[in-house]
Structure formats: C-alpha cells, structure tokens
Amino acid sequence: MIYDKNHVFSDAQAAFDTDDTVESTNSIDIGVADPNMGAGNKKTVRVVVSTAFATGTSVQAILQHSDDDATWVTLLAGVAVLTAAAIVGKTLLEAVLPAEHMQYLQVAYVNVGANDAGACNAWLDISK
C-alpha cells in the first residue's frame, strides 16, 4: 500500500500514557468547511498498532473532527482493546469515514491504566 503523507495521522507515533488521551501528531485539513468527503466515496480510517502496548488496562482509537483545528468532537470510536491484545498488527479502528464531518480530522488514543509502551500508524485510506 502506498501512503500519501497528507493523509497520515500517525506514523509509528508513541500513543501511550497513564489514564490520558494522546492526540495524533497530525491533523488532516480537508480544505473546506463541512466538506462531507465521506459521502459516496467510501474513504476508510485505519489505525494499526506498530509497537505493542504494555502494562496498562486498555487502549481505544477514536476519530475526531473540528471546524477550527483546536476544539475536537468524537466522530467515530473503535472498541477499547485490552493491552494484552494490543500487539503489533492489531487493528484498533477501521471504519468508513461518515458522510458528514467537519473540515479537520485527527485520531486520538484513549489510554486506561498506566500504559508505558505502544505506538500506532493511522491514516485516511483514499485508495477506493
């Protein structure tokens, strides 16, 4: 698979913390307010573990959107995955981008417990 840097939220990004949420390194600016890019386009958001999580209880990937790249609201949420199952290659979120969304998108990682390791790759797959 070929990745377009403009559609990458996280590239082997450390996504662990203690009972806290870690925002993706990058947000994606779709370029227009209320673009609704998901309508009929079947773009997919993918989040995959690149370094296993350790020690904590769980991790959950969520897709957020914003109209100002500062105030974020959850748009999609993956299931909380137990840390023992959050191993390399585990998919934390794979979902079609909803038809309606705001201009900016980012991924956030919700950590429960004292995760002291874990990294993820996250991107918007526009290949379809």
Q) So residue 42 clears everything in (1) more than 19 Å from residue 5 (Cβ to Cβ); (2) buried (at least 16 other Cβ atoms within 10 Å of the Cβ); (3) basic (Lys, Arg) except one condition, right? Which one? A) (2)
Q.
Can you pull out every residue in the range 81-95 that is within 17 Å of residue 116 (Cα to Cα) and of a type in the set (A, V, I, L, M)?
A. 81, 82, 84, 85, 86, 87, 88
Q | Wholly enclosed strands (runs of 3 or more DSSP E) of the range 78-128 bearing at least 1 residues of a type in the set (D, E, K, R) and farther than 17 Å from residue 13 by Cα | A | 91-96, 117-125
Q) For the range 74-128, which residues satisfy the criterion of being surrounded by fewer than 16 Cβ atoms within 10 Å (Cβ to Cβ), under 10 Å from the mean Cα position of the chain (by Cα) and either under 18 Å from residue 5 (Cα atoms) or free of Cβ contacts under 8 Å to residues at least 24 places away in the same chain (or both)? A) 77
Q) So which pairs qualify, if the first residue must be in the range 12-33 and surrounded by 12 or more Cβ atoms within 10 Å (Cβ to Cβ), the second must be part of a loop (DSSP other than H, G, I, E, B) and among the acidic types (Asp, Glu), the Cβ gap must be under 6 Å, and the two must be at least 6 apart or on different chains? A) 27/69
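Can you tell me which residue among 51, 71, 57 is β-branched (Val, Ile, Thr), modelled with pLDDT of 95 or more, more than 17 Å from residue 10 (Cα to Cα) and surrounded by 15 or more Cβ atoms within 10 Å (Cβ to Cβ)?
Of the residues listed, the single one that is β-branched (Val, Ile, Thr), modelled with pLDDT of 95 or more, more than 17 Å from residue 10 (Cα to Cα) and surrounded by 15 or more Cβ atoms within 10 Å (Cβ to Cβ) is 57.
The values are calculated or read from the model by the stated rules, or taken from the named source; none is laboratory data. Here the structure is a predicted model, which is why all the values come from computation and not from measurement. Please note: Cβ atoms are built from the backbone with ideal geometry, for glycine as well, and neighbour counts cover all protein chains shown.
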